[in-house]
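Asks: Take this structure first; my questions come after.
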Ligand code: FPP
Ligand code: MG
């Protein structure tokens, strides 16, 4: 394992996209704190944590949090801590998600459950949650503790909701958006809102920041779900085409299921049969989703949430910071280009 970590260390690039330039120093601090300052005592946990934070991740959430902090009054030490908390919770939830999905790949590298095992992965995810809680305590801000406690509950709620709707073609768009809000957008909203709270902004601005995070997060999940359909594993660094195969019905399938076309019924039957465990049936369902324009309609839905997010940063006066937040927002949809 030492050699894997050494290899990842050498390969690690600290090159951020241009629109992160205005916060690159603070982002470096977040990165260093995640990589070298978490307080694992056991050799094994130290090794796993190094592997996790060396093996990729774009630090998208910390960057949004820092940009919002800078745009609402400036970056304080507590914003750095909130950025770290956000990335720790996000990463912990992915470690657990990979166990649930028996996923083999994450961020272009083997998952913790593949490289070690499920039991160790549960503990490693819990350790990251523990570290997030320690940092939350350090903030000495009960409002932010409450926000993040609600996020942890929402993540579990969203994940269970997804589980209870597996292979259920009667899932509605409302179910899908509610689930995506819980499991993904709640964390984006929390970090944006917390940035404004720490800068003592008024309620109206805090609401805009929260709504920006919510819309951005929903768009992010829809795009992630489209990418699962249209990409291969190399491109997205994780198992591709796995949602529908595992019974997770996302925006592209939902649009296809809701189409008035006769072929929508065929998709419903295939899903209800759980594809009879046959690759052929699964491939047929995927083909029908494409034929009925599921991915294209899902993209339009993502764009509408991107537009919503953009409207919520119109209060920002500094043109450079507003520009950065708009560019980050648009970057989500550009992943589909
Ligand atoms: C990835 O989504 C997963 C999440 C965004 C949330 C997962 C949440 C849990 C496992 C609950 C655990 C939380 C706590 C607080 C114990 P995805 O499966 O759509 O994305 P992927 O394609 O990258 O896997
Ligand atoms: Mg998953």
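Asks: I need a count of the residues in the range 64-105 that are crowded, with 24+ Cβ neighbours inside 10 Å and modelled with pLDDT under 95.
Replies: Looking only at that region, the number is 0.
Asks: Quick one: which residue in 46, 70, 7 is more than 21 Å from the chain's Cα centre (by Cα) and either in contact (Cβ under 8 Å) with a residue 40 or more places away in the chain or part of a loop (DSSP other than H, G, I, E, B) (or both)? Full working, then the answer.
Replies: On the way: 46 fails: either in contact (Cβ under 8 Å) with a residue 40 or more places away in the chain or part of a loop (DSSP other than H, G, I, E, B) (or both); 7 fails: either in contact (Cβ under 8 Å) with a residue 40 or more places away in the chain or part of a loop (DSSP other than H, G, I, E, B) (or both).
Exactly one residue qualifies, and that residue is 70.
Asks: List, please: which pairs have Cβ atoms under 6 Å, are six or more places apart or on different chains, and start with a residue in the range 88-114 that is more than 23 Å from residue 157 (Cα to Cα) and within 11 Å of ligand 2 (Cβ to nearest atom) and end with one that is part of a helix (DSSP H, G or I) and modelled with pLDDT of 90 or more?
Replies: 111/98
Asks: Inspect all residues belonging to the range 215-223 and state whether any of them is over 19 Å from residue 335 (Cα atoms), crowded, with 16+ Cβ neighbours inside 10 Å and away from ligand 1 (no atom under 16 Å from the Cβ).
Replies: For the range 215-223, residues over 19 Å from residue 335 (Cα atoms), crowded, with 16+ Cβ neighbours inside 10 Å and away from ligand 1 (no atom under 16 Å from the Cβ): absent.
Asks: Taking the condition of being modelled with pLDDT of 95 or more and assigned to a helix (DSSP H, G or I), how many residues in the range 269-279 meet it?
Replies: Total meeting the criteria: 5.
Asks: While we're here: Would you be able to tell me the number of residues in the range 308-322 that are surrounded by 14 or more Cβ atoms within 10 Å (Cβ to Cβ) and assigned to a helix (DSSP H, G or I)?
Replies: Here the count works out to 5.
Asks: Restricting to the range 188-233, name every residue that is closer than 22 Å to residue 289 by Cα and without any contact (Cβ under 8 Å) to a residue 60 or more places away in the chain.
Replies: Result: 221, 224, 228, 231, 232.
Asks: Kindly establish whether residue 134 is more than 29 Å from residue 237 (Cα to Cα) and within 16 Å of ligand 1 (Cβ to nearest atom).
Replies: Yes.
Asks: Residue pairs, Cβ under 8 Å, 6 or more apart or interchain, first in the range 287-306 and more than 19 Å from residue 231 (Cβ to Cβ), second not in a helix (DSSP H, G or I). List them.
Replies: 292/259; 292/261
Asks: With the structure loaded, tell me whether residue 52 is under 22 Å from residue 187 (Cβ atoms), within 16 Å of ligand 1 (Cβ to nearest atom), in a helix (DSSP H, G or I) and over 15 Å from the mean Cα position of the chain (by Cα) or whether it fails that test. Full working, then the answer.
Replies: On the way: under 22 Å from residue 187 (Cβ atoms): yes; within 16 Å of ligand 1 (Cβ to nearest atom): yes; in a helix (DSSP H, G or I): yes; over 15 Å from the mean Cα position of the chain (by Cα): yes.
Judged against the criteria, residue 52 is a match.
Asks: Suppose the filter is free of Cβ contacts under 8 Å to residues at least 24 places away in the same chain and part of a helix (DSSP H, G or I); does residue 182 pass it?
Replies: no
Asks: Restricting to the range 236-264, name every residue that is surrounded by fewer than 22 Cβ atoms within 10 Å (Cβ to Cβ), within 16 Å of ligand 2 (Cβ to nearest atom) and not in a loop (DSSP other than H, G, I, E, B).
Replies: Residue satisfying the conditions is 236 alone.
The values are calculated or read from the model by the stated rules, or taken from the named source; none is laboratory data. Worth saying up front: this structure is predicted, and the values here are computed from it rather than measured. Here Cβ is always computed from backbone atoms with ideal geometry, including for glycine, and neighbour counts include all displayed protein chains.
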